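The values are calculated or read from the model by the stated rules, or taken from the named source; none is laboratory data. All values derive from a computational prediction rather than experimental measurement. Because the Cβ atoms are built from the backbone with ideal geometry, glycine has one as well, and the counts that use them run over all protein chains shown. Protein only, heavy atoms only, side chains kept; ligands, DNA and RNA dropped before computing areas. Shrake-Rupley method; radii C 1.70, N 1.55, O 1.52, S 1.80 Å.
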Amino acid sequence: MSNLFAPALAGAALIAAAMLPVASASAQEDAAGRPSPRISVTGEGEVSVAPDMAILNLTVLREAETARAALSANNEAMKQVLAALKEAGIAERDLQTSGLSIQPRYAQPGKDRSSEPKIAGYSVSNALTVRVRNLADAGGILDKAVGLGVNQGGGIAFVKDDMKPILTEARKRAVADAVARAKTLAEAADVKLGKILSIEEQSIMPRPMPYGGAVRMAASEAAVPLASGENSYRTQVSVIFEIAP
């Protein structure tokens, strides 16, 4: 009987011996791949600054019986607007055509509702984006542009010309805020904060924050009154810290 079972027992022993190193190596890989304890936080940094540049959106709209006549009238008015803006000190690089539209105007049918609408004329609009680098000139430029034929648009935005220093400061504040939050959490949990494992920037968001200061206008008394306020730029960073042993 013992002779019959000897080969089977020997084979089982060999299989068990072969499996032992594999099981040991697998256990080591699990331990090595297990993430170390860590703290994850999100920090925020915000910087508020007064703008130093205005962006105006101005549109000249002209209507006529034919598309050619409407375009010609629009061209003439826009030439005067561009010439006046350049005379006011606006550089070529700060003037950009942002849209040109030629649209038919339809006459509404009368009592006979079955009749088709007919073209009664054409309208041509030419949109212009203007960067005004001297805020004190913005109101006077708006007033002059309207006097020369601008009759649509009027959108205005106040921005900072050089954003790099502002965004750099916002990022620094966001990281400092993340470090402060992580230290607070580590102290509360009675653990020691370790090295930074990763930093990821989430977003940069401009937020206009109006304040009471108005832009002084040195142009004519008819200059459009404007208030530039302040813009706030906020960024978020996600930072992962290791918990030191």
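Out of the residues in the range 76-87 that are touching a residue at least 40 places away in the same chain (Cβ under 8 Å) and out of contact with any Lys or Arg (no Cβ under 7 Å at 6 or more places or on another chain), which is farthest from Asp137 (Cα to Cα)? Steps first, please.
Looking only at the range 76-87, we keep the residues that are touching a residue at least 40 places away in the same chain (Cβ under 8 Å), and these are 77-78, 80-82, 84-85.
Applying the additional criterion that residues be out of contact with any Lys or Arg (no Cβ under 7 Å at 6 or more places or on another chain) yields 78, 80-82, 85.
Values: Met78: 20, Gln80: 18, Val81: 15, Leu82: 16, Leu85: 11 Å.
Looking at residues that are touching a residue at least 40 places away in the same chain (Cβ under 8 Å) and out of contact with any Lys or Arg (no Cβ under 7 Å at 6 or more places or on another chain), I get Met78.
Counting only residues that are open to solvent by 40 Å² or more (accessible area, probe 1.4 Å) and assigned to a helix (DSSP H, G or I), which one in the range 122-156 is nearest to Asp52 (Cα to Cα)?
Once the filter is applied, the top-ranked residue is Asp137.
Right, Arg131: over 30 Å from Asn231 (Cα atoms) and either among the polar types (S, T, N, Q) or at pLDDT 90 or above (or both) or not? Break it down into steps so the answer makes sense when it comes.
Numbers: over 30 Å from Asn231 (Cα atoms): no; either among the polar types (S, T, N, Q) or at pLDDT 90 or above (or both): yes.
No.
In the range 177-227, how many are open to solvent by 60 Å² or more (accessible area, probe 1.4 Å), of a type in the set (Ser, Thr, Tyr) and modelled with pLDDT under 95?
2
Out of all the residues in the range 114-127, is one or more in contact with a Ser or Thr (Cβ under 6 Å, 6 or more places away or on another chain) and of a type in the set (D, E, K, R)?
Looking for residues that are in contact with a Ser or Thr (Cβ under 6 Å, 6 or more places away or on another chain) and of a type in the set (D, E, K, R), one finds none in the range 114-127, hence no.
Out of the residues in the range 157-204 that are assigned to a helix (DSSP H, G or I) and of a type in the set (S, T, N, Q), which is nearest to the chain's Cα centre (by Cα)? Steps first, please.
Residues of the range 157-204 that are assigned to a helix (DSSP H, G or I), as a first pass: 164-188.
Going one step further and asking which of them are of a type in the set (S, T, N, Q), we end up with 168, 184.
Values: Thr168: 15, Thr184: 32 Å.
It comes out as Thr168.
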